[in-house]
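None of the figures in this text is laboratory data; all of them are computed from the coordinates on show. This one's a predicted model, so the numbers in the text were calculated from it and none came from an experiment. Please note: Cβ atoms are built from the backbone with ideal geometry, for glycine as well, and neighbour counts cover all protein chains shown.
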Amino acid sequence: MSTLIDLLHEDGSWRCTLVEGMVDEAVFRLEPGTAPARRDLAARLLDGRDPGRLADPEQWEAVLIEALLADPVVARLRVLRLHLTDYHHSAAAAARALAGSVRTHLEELYLGYDFTYLLEHSRTSTGGRIEPESRLHDGFTHDAEAGMWEALPALRTLTAEGAFLFDRIGGDSLTEARLRGAVLCDGGVFPASAPALVRLAVELGTDVYGVACPVDQLENELTPTAMPNLRHLDLGEAEFDGTDLEVLEVLAGSPLLPQLESLVVRSLEADEEAVAALMPAFAHLNLSVAH
């Protein structure tokens, strides 16, 4: 009789590394080549429950994710990477599944989807369209996120890619994060409360309308209250709507700056005298330019 791991291995969307018979690392990315047989797998996993989900191929990704995360074989899961396609369903399903039990071993989490420009429409597994802007304020995980961060007490490293994925970035043990896009459902970029965070990399390009992140967000969201232990801030791939000098001025006046040990900015094309006048504010840290 095939085990759950055997069934998921045949589908090819889950790739798992086992240690002593338990899943240590799990990576999910929907495998297009096995799509014709996926309905049968979803039917077996659902076992007669929720025929509406079985009838919708765009929900099968969520079914596969829920199945593994609910199985005892992941009780010691240490690394989880979820590269989503039908994220209008599966992001919430993943959050709900993660919240379903306390994951005392999970140290590293990736959750997101592929995109080139922020807010661009995504293609679903059936060729349909997801419009991220439709989830502004509600978010993609929405109510399913309740309890998720609390269920991840060992989480140290988070990578999130996309728009409006979470209501908040949580986890009192989180020490390192890479956030690509406006991952918070209100359009926020920086965590509002990450007490243990030491390293943060934020990647922001222009969106589909050619609009960059407002420099005001850098001023308003980057605070020592939100991130009291932040020491290393990487904005090397973050583009703001102000000039390089305006970005540097905001950073020079940030109340968070004195606690930083290193800072990376995207570029520094500005009047040399104006830049030099700001340099004393950065004298205590390692300041570097990415481009």
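With N set to the number of residues, divide the alpha-carbon radius of gyration of the range 79-211 by 2.2 N^0.38 Å and report two decimals.
0.99
Where both partners of a DSSP beta bridge lie in the chain, what percent of those bridges are antiparallel, to the nearest 5?
On the way: 8 of 49 bridges.
The answer is about 15 percent antiparallel.
Using only helices, what value at 222 nm comes out for the chain when you add -39,500 (n - 2.57) per DSSP H run of length 4 or more and divide by the total residues, to the nearest 500 deg cm²/dmol?
-6500 deg cm²/dmol
Would you work out the charge dipole size for the range 189-291 about its Cα centre, treating the Cβ of every Lys and Arg as +1 and the Cβ of every Asp and Glu as -1, and quote it to the nearest 20 debye?
Working: 3 positive and 17 negative charges, 122 e Å.
Magnitude of the dipole: close to 580 debye.
Based on a Kirkwood Rh over C-alpha pairs, give the Stokes-Einstein translational diffusion coefficient of the range 11-75 at 10 °C and viscosity 1.306 mPa s in µm²/s. Write out the running numbers ahead of the final one.
Working: Rh = 12.5 Å.
D = 127 µm²/s.
Just for the range 6-142, what percent of DSSP beta bridges are antiparallel, to the closest 5? Kindly include the intermediate steps, with their values, before the conclusion.
On the way: 8 of 19 bridges.
Just about 40 percent of them are antiparallel.
Out of [x] 72, 40, 29; [y] 56, 40, 38; [z] 72, 44, 34, which label holds the value of Cα extents along the principal axes in Å that was computed here?
Calculated Cα extents along the principal axes in Å: the matching label is [x].
Can you give the charge dipole size of the chain about its Cα centre, rounded to the nearest 20 debye, using +1 on the beta carbon of Lys and Arg and -1 on the beta carbon of Asp and Glu?
I would put it at about 1080 debye.
Residue 107 versus residue 172, label points 7 Å from Cα toward the beta carbon: distance in nm?
Simple spin-label model gives 2.1 nm for this pair.
Could you give the C-alpha radius of gyration of the range 215-277 expressed as a fraction of 2.2 N^0.38 Å, taking N as the number of residues it contains?
Computed over Cα atoms of the range 215-277, the ratio equals 1.08.
Rounded to the nearest Å, what's the spacing between the alpha carbon centres of the range 1-36 and the range 232-291? Just the number, please.
Between the Cα centres of the range 1-36 and the range 232-291 lies a distance of 44 Å.
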